[in-house]
Amino acid sequence: MTRRARQIVAGVVALMLAACATAQPGGPGLDRFAMLEPGILSGTPAGSGPFPVVILLHGCGGRSAEGPLNRENAYREALVANGFAWLSVRSFPLEGRPFTSACGRPPGTIDTDERVEDLAAVIQHLSRYPPLDGQRIGVLGFSMGASTAIKAAMRLDPARAPGLRSAVALYGGCRDMQARDGLPGRRRLLMMVGLQDTWTLAAPCIALANALKEGGHAADVVVHPEATHQWDNPTSTGGRQISMGPGRGTTFVRYDPDTARDSVTRAVAHFRATL
């Protein structure tokens with residue numbers, strides 16, 4: 001695997017865990033972090049850092065297989081080219097979480113609250129890894145990962161997520177989000193939604209962004225009129241139906257290369273302005 005997309009090797013993991021142990025022996029979230037660590041991929045720019053870091057969170061179907069059609073690739077490459085490190089966190093399948101999908105939230109899988117805890121554990125421990133700047137952390141989420149990013153930006157106590165400054169949420173669900181939670185620690189949130197998305201509807205996120213702004217918080221929403229769910233996923237070139245989970249039917253998704261490029265540009269610009 002290249003420098004821009006490599007799995008964290010044992011020596012680097014040992015360094016990170018040693019740094020964690022030095023800073024906070026047996027610190028909060030260590031067991032959760034240890035569970036997640038085998039599923040973490042990373043990439044850094046050239047140089048020694050410290051680099052601002054963006055944590056990528058996959059959707060309910062799990063992280064795509066590594067390869068040319070992985071939707072994270074364009075974001076990873078653009079982040080590195082603009083001086084950011086990135087971490088791609090796999091919440092499942094892992095030891096103790098054998099399921100391959102959480103779509104529809106079947107019993108025995110995982111919800112966004114649990115994934116917020118995953119994110120908190122990663123922030124608490126990876127922020128102590130010297131090449132990463134623990135005071136400049138962003139989150140980029142897709143679908144369920146986007147809902148997780150929104151919830152984290154609004155509800156994670158800054159004391160538990162030091163350095164978390166901003167989030168970008170792509171076609172996330174906002175139906176259970178309340179503007180009264182605000183954006184603590186002066187965090188900034190950018191949501192991108194598609195009006196043709198019949199899974200995670202655009203309207204609740206538009207309403208949430210407007211309510212947050214009315215409350216004095218830094219929240220923005222970009223609306224793509226022709227975009228479906230997963231508009232940036234190359235595996236949906238030409239359009240296809242995908243399952244929304246057991247008993248929930250299907251939704252139509254279509255890759256839109258122009259909207260995908262726009263999303264990458266906007267995401268990187270957001271992180272450049274906030275990290």
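The values are calculated or read from the model by the stated rules, or taken from the named source; none is laboratory data. These figures come from a predicted structure and were not determined experimentally. For neighbour counting, all protein chains shown are included, and Cβ atoms are generated from backbone atoms with ideal geometry for every residue, glycine included.
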Looking for something closer than 27 Å to Cys103 by Cβ and outside any helix (DSSP H, G or I) - is there at least one such residue anywhere in the range 209-217? no
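Could you please let me know if Phe51 is of a type outside the set (Lys, Arg), in contact with a Cys (Cβ under 8 Å, 6 or more places away or on another chain) and in contact (Cβ under 8 Å) with a residue 60 or more places away in the chain?
On the way: of a type outside the set (Lys, Arg): yes; in contact with a Cys (Cβ under 8 Å, 6 or more places away or on another chain): no; in contact (Cβ under 8 Å) with a residue 60 or more places away in the chain: yes.
Here the answer is no, as Phe51 does not meet what is asked.
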Could you check, for the range 81-90, whether at least one of its residues is in a helix (DSSP H, G or I) and closer than 25 Å to Arg188 by Cβ? yes
Looking at this structure, is Met192 in a loop (DSSP other than H, G, I, E, B) and crowded, with 18+ Cβ neighbours inside 10 Å? no
Which condition number does Asp220 fail, the rest of (1) surrounded by fewer than 17 Cβ atoms within 10 Å (Cβ to Cβ); (2) without any contact (Cβ under 8 Å) to a residue 60 or more places away in the chain; (3) in a loop (DSSP other than H, G, I, E, B); (4) not small (Gly, Ala, Ser) being met? (3)
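Report whether or not Cys174 is part of a loop (DSSP other than H, G, I, E, B) and of a type outside the set (Asp, Glu). Full working, then the answer.
Numbers: part of a loop (DSSP other than H, G, I, E, B): yes; of a type outside the set (Asp, Glu): yes.
Yes: the conditions hold for Cys174.
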On the basis of being in contact (Cβ under 8 Å) with a residue 40 or more places away in the chain, within 14 Å of the chain's Cα centre (by Cα) and not in a helix (DSSP H, G or I), does Cys103 make the cut? no
Of everything in the range 62-99 that's of a type in the set (S, T, N, Q) and modelled with pLDDT under 95, which residue is farthest from Thr235 (Cα to Cα)? Ser64
If you check every pair at least six apart or on different chains, which have Cβ atoms under 7 Å apart with a residue in the range 228-251 that is closer than 12 Å to Gly59 by Cβ first and a residue that is not in a loop (DSSP other than H, G, I, E, B) and not β-branched (Val, Ile, Thr) second? His229/Gly194; Gln230/Ser236; Asp232/Leu170; Asp232/Ala260; Asp232/Ser263
Any residue that is buried (at least 17 other Cβ atoms within 10 Å of the Cβ) and in a strand (DSSP E or B) - is there at least one of those in the range 110-131? no
Leading residue by the ranking (farthest from Thr251 (Cα to Cα)) among those in the range 111-144 that are modelled with pLDDT of 95 or more and in contact with a Cys (Cβ under 9 Å, 6 or more places away or on another chain): Met144
